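The structure under discussion appears below in the form of structure tokens.
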Amino acid sequence: MLKSNPCAHGFKQRTVVAGRPVETSKRIDRYFELARNIAQNSPYGKIRHGAILAKGGSILNTSFNKDKFNSFGSRFRDADRGYATVHAELGCILGMPRSATTGADIYVCRINRDGEFRYSKPCGMCHEALKHVGVKRVYYTTNEGIVEMYKL
Ligand SMILES: [Zn+2]
């Protein structure tokens, strides 16, 4: 199913995989609380994202979205989409060895000005970049306060 969704900075890009709601575990809830805290650092006001890269119960990296050009991301971005910045998902995989990212899961949230979770399905650029480095599953927050997941 094709679906248009907003990612950081209000870009709309198509992602090609539909997520489905999942029941969260204590560990997943903890990752999203951490992602919420990380997102507070973002300079983007109401589109602050936070992401956690984890594998085998260990957190490998964390990131929030940054206003900084990113050439790695540009490789996965449609030319007409403009400037590729460091989305939270990209920040998590940049500089990580392939042995770490392969088989890892990523947890992505967006928070509004009140710190409440909002829809945060990765954009097309992040989707392709995550797939490229072997990330296995993507968990993300929704406007309804639930978590959805899809496999890459
Ligand atoms: Zn993105």
| field | Fraction in percent of alpha-carbon pairs per bin - 5 Å, region 95-152 | value | 4, 19, 27, 21, 15, 10, 4, 0
| Say a paramagnetic label sat at a point 7 Å from the Cα of residue 20, along Cα to Cβ; which residues of region 122-151 have their backbone N under 16 Å from it? | 137-140, 147-151
| task | Starting from region 79-125, pick out the trypsin sites (Lys or Arg not before Pro) whose DSSP state is loop and whose Cβ has at most 12 other Cβ atoms within 10 Å. | result | 113
| said: For residue 60, what residues show an amide H to amide H distance below 5 Å, using hydrogens built from the backbone and excluding near sequence neighbours? | reply: 53, 54, 55
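Going by average Cβ neighbours within 10 Å, how do the peptides 127-133, 38-44 rank, with the highest at the top? Intermediate values should be presented prior to the final figure.
On the way: 127-133: 20.3, 38-44: 17.0.
So the peptides 127-133, 38-44, ranked by packing, come out 127-133, 38-44.
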| query | How big is the chain by Rg and Dmax over its Cα atoms, in Å? | reply | 13.7, 41
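Each reported figure results from applying straightforward, stated rules to the coordinates on display, with no laboratory input. No experiment lies behind these values; they were computed from the predicted model shown. Heads up, the Cβs are rebuilt from the backbone with ideal geometry, glycines too, and the neighbour counts pull from every protein chain shown.
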